[in-house]
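Have a look at the structure below, then the notes.
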Amino acid sequence: MSYFKKTHRFGLLTPSSNTTQEPEFSAALPPTVSLHTGRVAYRDITPEEQMRCVLELESESRKLADAEVDAIVFAATAPTLAKGKGYDRELIKRMEDASGKPATTAATAFVDALTRLGAGKIAIGAPWSKTMDKAMVDFMETSGFKVVHSEVVGFVASIELGRTDPDKAYELGLRTDRPDADAIIMPGGNWASMPVVERLENELGKPVLVNNAVSLWAGLRLLKRNDSISISGYGRLLRDYLAA
């Protein structure tokens, strides 16, 4: 087994039912960055669960601070935009106040990544229900992006989403695309979509931003590493846009 000295610690806050983020983050992180995870209670992809999971935000952030992580990412999209534009910033402040560490959220990461890529018109492909989709569309539009189309699958039980084959995410990406969309975004942290990002981008000829890739991207930028970073195999965001 090769040994790499760990120079940075990546703090991940994930929903308690999530079985996808830790494997995907571990596979993609540079070998010098270690992953440390806290969990907030969240079983079903519903408005009620969104409110429940943020009750543990401070306590789990403090636990990650005990491990002296360098940054914390709350890598769940729906709970971090549930109350509209600015709510993600409220959650970031709560995490930073509790931990003393820089923090961000998946919702914030989507906005930052789209801005970095210069994408103004987007199509959204989400695994959840139409009820959950409205908050996502509203958040993106009030954040300055034109949503030209949104597509949903209808998952409610998060644990079932975590058992879904990546090819389902690929098929959703194809259905979601529209000619006038500058980029496709695919929220859902328990959605195994990172393995198909490159395939979708090659076929569609535009950026495809998925929850775990944008969350990883945002967290790595918070680490303020001095070495040159490029992560291949998961699309252009991680390959070409990690530098500050």
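What span do the alpha-carbon atoms of segment 138-244 cover on each of the three principal axes, reported in whole Å from largest to smallest?
Sorted from largest, the Cα extents of segment 138-244 read 42, 32, 28 Å.
Can you list, bin by bin at 5 Å, the percent of alpha carbon pairs in segment 60-213, starting at 0?
Computed distribution, short to long bins: 2, 10, 19, 21, 20, 14, 9, 4, 1, 0.
About the Cα centre, and with charges only on the beta carbon of Lys, Arg (+1) and Asp, Glu (-1), how big is the dipole of segment 77-124? Nearest 20 debye, please.
Dipole about the Cα centre, nearest 20: 120 debye.
Give me the distance in nm between label points sitting 7 Å out from Cα along the Cα-to-Cβ direction at ARG178 and ALA67, one decimal.
The two pseudo-label positions are separated by 4.0 nm.
Could I get the Rg over Rh figure for segment 15-141? Both from C-alpha atoms, Rh via Kirkwood, rounded to two places.
Ratio value, two decimals: 0.95.
What lysines could a cross-link reach from LYS134, if we take a straight Cα to Cα line under 18 Å and drop same-chain neighbours fewer than 8 places away?
Here the lysines satisfying the reach criterion relative to LYS134 are LYS83, LYS85, LYS121, LYS146.
From the protein chains alone at 1.4 Å, what is the descending order of accessible area for THR142, THR37, largest first?
THR142, THR37
Tell me which residues come under 5 Å, amide H to amide H, from SER17 once H is placed; ignore anything under 5 positions away on its chain.
TYR42
Enumerate the calculated ³J(HN,Hα) couplings along segment 157-162 in order (Karplus 6.51 cos²θ - 1.76 cosθ + 1.60, θ = phi - 60°), each rounded to whole Hz, writing x wherever the residue is Gly or Pro.
7, 4, 4, 5, 4, x
Using Cα positions and a limit of under 25 Å, work out the lysines in reach of LYS63, with same-chain residues fewer than 8 apart set aside.
Cross-link targets: LYS5, LYS6, LYS93, LYS101, LYS224.
Note down the nm distance, to one decimal, between modelled labels 7 Å out along Cα→Cβ at ARG239 and at LYS6.
2.9
Can you compute the FRET efficiency between SER232 and GLU48 using 1/(1 + (r/R0)^6), with r the Cβ-Cβ distance and R0 = 45 Å? Round to the nearest 0.05.
That gives a FRET efficiency of 0.70.
Quick one: plug the Kirkwood hydrodynamic radius of segment 146-206 (C-alpha pairs) into Stokes-Einstein at 37 °C, 0.692 mPa s, and report D in µm²/s.
Using the Kirkwood radius from Cα pairs, D works out to 269 µm²/s.
Considering only C-alpha atoms, what is the centroid distance from segment 1-63 to segment 174-231, in Å?
18
³J(HN,Hα) across segment 198-213 via Karplus (A = 6.51, B = -1.76, C = 1.60, θ = phi - 60°), whole Hz, x for Gly/Pro?
4, 4, 5, 4, 5, 7, 8, x, 8, x, 10, 10, 10, 3, 6, 5
Can you check what the Kirkwood hydrodynamic radius comes to for segment 116-172, Cα pairs only, in Å to one decimal?
About 12.4 Å, per the Kirkwood formula over Cα pairs.
Report the full-extension gain for the segment VAL148 to LYS134: residue separation times 0.36 nm, less the Cα-Cα distance, to one decimal in nm.
Fully extending the segment from VAL148 to LYS134 adds 3.7 nm.
The values are calculated or read from the model by the stated rules, or taken from the named source; none is laboratory data. Since this is a predicted model, take the numbers as computed values, not measurements. Quick reminder, even Gly has a Cβ in these numbers, built from the backbone with ideal geometry, and neighbours come from all protein chains shown. What goes into the accessible areas is simple: the full protein's heavy atoms, side chains included, and nothing from ligands, DNA or RNA. Shrake-Rupley method; radii C 1.70, N 1.55, O 1.52, S 1.80 Å.
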